[in-house]
1. Counting residues that are more than 20 Å from A:Ala408 (Cα to Cα) and at pLDDT 85 or above, which helices (runs of 4 or more DSSP H) fully inside region A:1-115 reach at least 1?
2. Among the residues of region B:78-91, write down those that are at negative phi and part of a loop (DSSP other than H, G, I, E, B).
3. Against the condition surrounded by fewer than 24 Cβ atoms within 10 Å (Cβ to Cβ), more than 13 Å from chain A (Cβ to nearest Cβ) and touching a helix residue (DSSP H, G or I) at 6+ places or on another chain (Cβ under 6 Å), how does B:Ala18 come out, does it pass?
4. Being within 26 Å of B:Leu6 (Cα to Cα) and either of a type in the set (Ser, Thr, Tyr) or part of a helix (DSSP H, G or I) (or both) is the filter; apply it to region B:152-177 and report the residue that is nearest to ligand 1 (Cβ to nearest atom).
5. Within region B:132-156, how many residues turn out to be within 17 Å of B:Phe106 (Cα to Cα), modelled with pLDDT of 90 or more and under 25 Å from the mean Cα position of the chain (by Cα)?
6. Please enumerate the residues belonging to region C:311-344 that are out of contact with any strand residue (DSSP E or B) (no Cβ under 7 Å at 6 or more places or on another chain), at negative phi, within 14 Å of another protein chain (Cβ to nearest Cβ) and not aliphatic (A, V, I, L, M).
7. Among the residues of region B:38-54, are any away from ligand 2 (no atom under 16 Å from the Cβ) and either modelled with pLDDT under 90 or not acidic (Asp, Glu) (or both)?
8. Any residue at all in region C:204-213 that's part of a helix (DSSP H, G or I), out of contact with any His (no Cβ under 6 Å at 6 or more places or on another chain) and more than 20 Å from C:His104 (Cβ to Cβ)?
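The values are calculated or read from the model by the stated rules, or taken from the named source; none is laboratory data. Remember, predicted model here, so these are calculated numbers, not experimental data. Neighbour counts run over all protein chains shown; Cβ positions are idealised from the backbone, glycine included.
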Amino acid sequence: MDRSVAVWVFAALSLVVLMALPLGWLGWLSVSGEHGATLAHYRDVFTDLALRKALWNTVVLAFWVGLVSVALGAPLAWLTARTDIPGRGLIRGLVLASFVTPPFLGAFAWVMLAGPNAGILNTLWRSVTGSREPLLNIFTMPGLIFIVAIYTFPYVYIMVANTLALIASDLEEAAAILGAGRLTVARTVTLPMVLPALASGFILAVLQALALFGSPAILALPAGFHTVTTQIWSLFQFPPKVEQAAAFSIPLLLATALLLQVQKRVLGRRGYAAVGGKGGQRRTIPLGAWRFPALFACLAVMACAIFLPYGVLAKAAFARAWAQPLSRDNLTLGNFTFTFFEYGATRDAIVNTLELGVMTACVGAVMVAVLSYVTNRRLVVGHQLVAFLALAPVVVPGVVLAVGLFIAYTRPPFVLYGTLWILFLAYLTKEMPVGYAQADATFRAIPADLEDAGRVLGAGRLRILKEVTAPLAKSGIIAAWCFIFIGVIRELSASILLFTPSTKVMSVVIFDLKEEGQFGAISVLGLVMLGLTFATVALVQAALGRDVLGTRK
Amino acid sequence: MPGVILKSLSKRYGDVGAVDGLSLEVKPGELLALLGPSGCGKTTTLRLVAGFLAPEAGEIWVGDRCLSSPASVVPPERRRMAMIFQSYALWPHMTVAQNVAYGLRFKPGLSRGDREARVREMLRVVQLAGYERRYPGELSGGQQQRVAVARALVVEPEILLLDEPLSNLDANLREEMRFEIRRLHETFGNTTLYVTHDQGEAMVISDRIAVLKAGKVAQAGTADDLYHRPRTRFVAEFIGRTNVLDGVAVARDTVAHGHLRLRVATADLEPGARVALSIRPHQLRLGEPGAAAGGANAFRGTVRRAAFLGDSVDYEIAVADSDLVLRAAAAPTPRFEVGAAVGLRIEPAACVPLAESDPR
Amino acid sequence: MSKRSMALAAVVVAALLAGLVVAGDAQTQDARLEAAKKEGKVVWYTSLVLPSAERVAKLFEAAYPGVKVEVHRTGSQRILQRVMQELQANIKNVDVVHTSDAGHFVLLKDKKLLAKYTPAGVDAFPAGFKDRDGYYYGLRATVNAITYNTKAMSAAEAPKTWKDLLDPKWKGKLVTAHPGYSGVIATHVLALVHLHGWDYFKALAENRVMIVQSANDPATVVSSGERIVAVNGGDYSAYQLKKKGNPIEIVYPKEGVPLVVSPTAITSFAPHPNAARLFTDFTFTRECQQVMADSEGLYTGHPEVTYPADKPKLNELKLLTVTPEELEKRNEELKKRFVEFFGA
Ligand SMILES: Nc1ncnc2c1ncn2[C@@H]1O[C@H](COP(=O)(O)OP(=O)(O)OP(=O)(O)O)[C@@H](O)[C@H]1O
Ligand SMILES: [Mg+2]
């Protein structure tokens, strides 16, 4: 019982600090007027034509991002999960790379690639075809949709690929034997079975697009339109209209909660138990003459997401003028010296980012480990509620969370604005669900029997934790640490509202530099960020690849 | 070697009374099987004994130590027990030798050499000599099972607890391991609680069986007792196959079912009371219709169905002038065809009144 | 690099000479320097383009070792937003505020957030650089000009006047910065509203103008060729880019160019007041002002500063000015109408 009390006090406190206070203030401010409660802010927000436009833009963006992500993610998943397409490992690796690429970096790189006039691809196009019109214009709604989608489709890919990997070929062959042709099998058996995964991937992609700040800020603003997130951000400009920002945040919050609910339904209804037949084999489908065309199609997608953007970032980092060819006199290390030695904010930002990353990841990993252990082993009364709370921040988009935190922590009793702590809270809240899901999966895979077996033999609870649970959970928790860390170092949408000049982080510096057109320095910082990310990913892979339960065969 | 006594134990999960006033005694050195259908509270009972769960009512005694009561529970690590799990619960990050040696760390006064010697000896006993350095993932199911057994026995526990240890094995291996466990029990003589839902397994392995229903002991006794003298309809039906017929006592030793009168094994029935009888199929004697005339418990009937099972034939017989359909197991000869008229006789000793009503 | 270190050496020498000349003040100077050193740093929120701001900081640090400058560069409007947000949270971080929106200083002064301080040597500055009440002084000035890409057109084809930009042939080829971010642009918009009225911007928006944030960015966009004409932006950033060899040219329209005087002031709550005064004085020395004029292409109020031969003198230009008070009052309107026409 006393154990329950301690856990509950801890969980309740975290909940209050991380969620209840920010969201409570958010809700309250959105209805508070000079003379008590009012709906005036909502009226202001929803009658303002510009704001309504932003809302509509977000709907359009999110919907299309969902569709394009499905169009890209599903075929890629099928090709790598089911066919004999060459280079499956490579494609999976590239999808992973696109998954961890900060979308705002991608958007920024695509400005250099497909700006309608100077964009490298357009220059090339014009010099090859002699056309006067650009091939692509990134500063448009379709451009924005494309950019967001190439970094969002991995959500669909993951859902679909994992589902396909679970469907035994028998199920399809059973239909084939009954006389169904290939297409019929795909339509009547395979598709219905992956449909929940598709729908759920679609919803995840939509959610990403709803919450994204960086890419719209980089691509939509120059094109002269707003989305909800950029609009909320600009409501903070002086004189700040925090109440309106709060009121404008609420629909985003509700939409997210609603969509997640729908996703749960979709996944829940057709039980995955039916899909999880473990005996069945999965046979690969020969593509025949289509093997290489299919590979090229995949690589073309990945070129958009990885090769081209990374290439242009690398080029800009070493070039005096990024739009010009990399000739000898255009080559320079000046961007590096400027970024690291002349621009004072960079070093502080890198230090802040690493500090926050490590701190959040450590605190977060410990928290998710404790929470998921407690819920998995049902150590306290109401453990289901603990699990629910740990996952709850999923419904709060970064910008909305930031508005809430800003309101809650710029006033007594807790004035955290201006310190790294407010960013820490934002990151911890935002990354908690990801970390929790990972830790939960880890403990789920460690049956309680393994611990009980040691207890009866005479080992105490703590000793078992140290000698049995910890070694088995280690890699999973390291992975949780890494996921949180990656999430933190790329975070922009909450940071952009919460930083102060003395608490800048890398993403914010990049964004600042973008507003000033300092392409070289951005590219350098972007490369640093990618380097950090990939080093961490390598760590996860090492952690999960070795000495994980069941791989020692 | 102490025994275990469970005194009216109760444990609830929300609305479900998983264990509900359960009392049981395991004698020193005895192997007692806890037998019952899925969800009847076997695992819960075992985990109560192991100390993973605290009872809401009742006590658990081992020898003269009270290990569990609602007021205090001795934690599992201080109960001097060992347990074998359905999943084996072998630690995947430790070798076979490390797994087996683990419990010895908590035995005071054992040198490293002693421990290694004991592990080696134990592995030899379970026929796993030479597998010390393997990881559990590198063993077959049966070998993993043996490691689990070795790990539990090597600490020489006062009490050994097993929760369906064989249910993950295929049929042949299961058969083999039954005898293996029985052999080890005879070698080491631990007081043992063995959970299973397989009555054949319980009968082969145990000294006594406790049949559980809905968190209570329905009946405890030797396999012979339970088979021949079931006290409740539930036990009668759960242990082996049986015919149960409902009737009314018309005399202290006679039960009526419609027109039929059956003499029964006892003579202490309350005339007028409702009584259920259990009659094992192989205790029905079949013969030519004429042969059955006269005498106690002799009836006529018609063969409704017959299935040849090799060493016996399984008949379904409709009793004449009655709604009664009985199953009978008889020798392959003489054979009766479907539709044939037969005479049947039941020894009064084979008609066991199920005096007690089942716990609801 | 070497150019920079030479400038640096020149400043150090100059500072030493200056120290000899004003030997009479030496006593108070020393005391103040000690106090500044004890404070260790000065926090500078500035809208001066990043490389220039960093250069000024390095010059100061070289002249006064032991006192660091923390540069926080962002757009003028963002600086105001920062300052106000920090005050709301009771954070006292900034010592010296420098933006290109003179209206900000009217607002800050009204809210009693500025300290009264007259930097050494500003007496000789023209009136437009000085606050009557003595709270803020113009550190630098720039004019808004048109910039075009020389690879895309000849000088003859280039637009000559603000009105030329309304020609539909520029559709999809123009870029503007944002008054909601940049004080230079806010001033520009107000000045042109005086000149041509809001209809001018309404018509300009018809040409599907790309929108960037900073007043420094239109010139970089034009250098890259992403757009070929910048409809506004501080001429100093364009000048620097041109100096670096980018294919751009600056046009000073005949109708007049909006003059943007960017004031600087010390906050009333400055955590490092001595360092702030030391730094402010330094930025108004002829040496520092000359560096801004030479390598940054800025205008200043300092009468002794000389300008590069390839830049027009201020008195050769027809200057359009707006008062800080009006800028302050109409700030909201400027942003709102701009967004109305241009979308974001
Ligand atoms: N942790 C738990 N939470 C809630 N109910 C539980 C829990 N564990 C067991 N129960 C319930 O208690 C009852 C007894 O469960 P128990 O596991 O003891 O059954 P069992 O006899 O071992 O069954 P089986 O043969 O299927 O293993 C069941 O109704 C079960 O659903
Ligand atoms: Mg069980």
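1. By residue number, A:40-47, A:49-82, A:88-100, A:103-114.
2. B:Arg79, B:Phe85, B:Gln86, B:Ser87, B:Leu90, B:Trp91
3. yes
4. Applying the filter and picking the extreme gives B:Ser167.
5. 3
6. C:Glu328, C:Lys329, C:Arg330, C:Asn331, C:Glu332, C:Glu333, C:Lys335, C:Lys336, C:Arg337, C:Phe338, C:Glu340, C:Phe341
7. Within region B:38-54 (the criterion being away from ligand 2 (no atom under 16 Å from the Cβ) and either modelled with pLDDT under 90 or not acidic (Asp, Glu) (or both)), the answer is yes, since at least one residue qualifies.
8. yes
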